[in-house]
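First the structure, in the form of structure tokens, and then the observations on it.
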Amino acid sequence: MTPRPQTTRHRIVGVVTEPHAQIAFVDTPGLHRAASRALNKAMNRTAAAALDDADLVVLVVEAGQWTAEDELVLERIVRGARAVLAVANKIDRVRPRERLLPYLAELAARHPFLAIVPVSALKEENIEDLRRTIAAQLPVSPALFPDGELTDRDLKFRIGEMIREKLTLELNQEVPYGIAVEVERLAEEDGQLAVDAAIWVDRDGQKPIVIGAGGARLKRVGRSARLALNGILGRRLHLNLWVKVRENWADNARALKELGVE
């Protein structure tokens, strides 16, 4: 995850198992009003399919704001007649705090939400209340995932997304959206996990930007990703990165399927 828009490209499930409930959170790409490229259209389809499959939709907005994108998502939820609750995040940024209650009242007037929960994900404020509120709205059923399972995504995917996160944070504003990461090899070697990954760009001119002068940028990205993965996986990891060109992959349906975007 990064502060940049359009970072999420896939449907990703994160599982929380508690004594009284199991919640499968489905994170999706944002809905794009202007979906000109095949990549954007694929992301819209992924988000729409997840909305249709969910037992409950959690609409997360930034406290104190209501954007055109928020309106687009709410319109899609209403058309699908989905059960929805609203979460106003970043309440720690609302100053003065007295502004929060009028904003929540305005939010309640936009739609008959099942509940509206103000939270601060950064400060972990009201997160337990959000979990309880979500669990109370879920249908009764057997657990869908075994105890201890945190996501439906495999190790290759998680490694590739960590590399792409570090690339997105490192690169200029216009470059990250033409980049994909493909883990080509994963193997045990000399007591550590060896990873070969290709960074795909969609224009020749992007390749030197990703590599940087004397390879410095690519080395920084590799080191940052490796250290983060070492911490997450709890083991040593050797990471090899290559930058490759695949012209206009973001407009190529076959390339999107091969790279796991759709």
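The values are calculated or read from the model by the stated rules, or taken from the named source; none is laboratory data. Just so it is clear, the model here is predicted, and its values are computed rather than measured. Cβ sites come from the backbone with ideal geometry, for glycine too, and all protein chains shown count toward neighbours.
What number of residues within the range 148-185 satisfy the criterion of being touching a strand residue (DSSP E or B) at 6+ places or on another chain (Cβ under 6 Å), over 24 Å from residue 217 (Cβ atoms), at pLDDT 90 or above and not hydroxyl-bearing (Ser, Thr, Tyr)?
2
I need the full set of residues from the range 13-56 which are closer than 23 Å to residue 148 by Cβ and either in a helix (DSSP H, G or I) or at pLDDT below 85 (or both), in order please.
Selection gives 27 alone.
Could you tell me which of the residues 142, 102 is more than 19 Å from the chain's Cα centre (by Cα) and part of a loop (DSSP other than H, G, I, E, B)?
Being more than 19 Å from the chain's Cα centre (by Cα) and part of a loop (DSSP other than H, G, I, E, B) holds for just one of 142, 102, which is 142.
Kindly indicate the residue of the range 225-254 that is part of a helix (DSSP H, G or I) and of a type in the set (Lys, Arg) and also surrounded by the most Cβ atoms within 10 Å (Cβ to Cβ) among those meeting that condition.
This residue is 226.
What are the pairs with Cβ atoms under 9 angstrom where one residue, in the range 123-136, is part of a helix (DSSP H, G or I) and the other, located anywhere, is among the polar types (S, T, N, Q)? Sequence gap at least six, or different chains.
Cβ pairs passing all conditions: 127/120; 135/22.
Would you mind stating whether residue 170 is crowded, with 16+ Cβ neighbours inside 10 Å, more than 17 Å from residue 245 (Cβ to Cβ) and acidic (Asp, Glu)?
Here the answer is yes, as residue 170 does meet what is asked.
Which residues, counting only those in the range 199-210, are crowded, with 18+ Cβ neighbours inside 10 Å and outside any helix (DSSP H, G or I)?
199, 200, 201, 202
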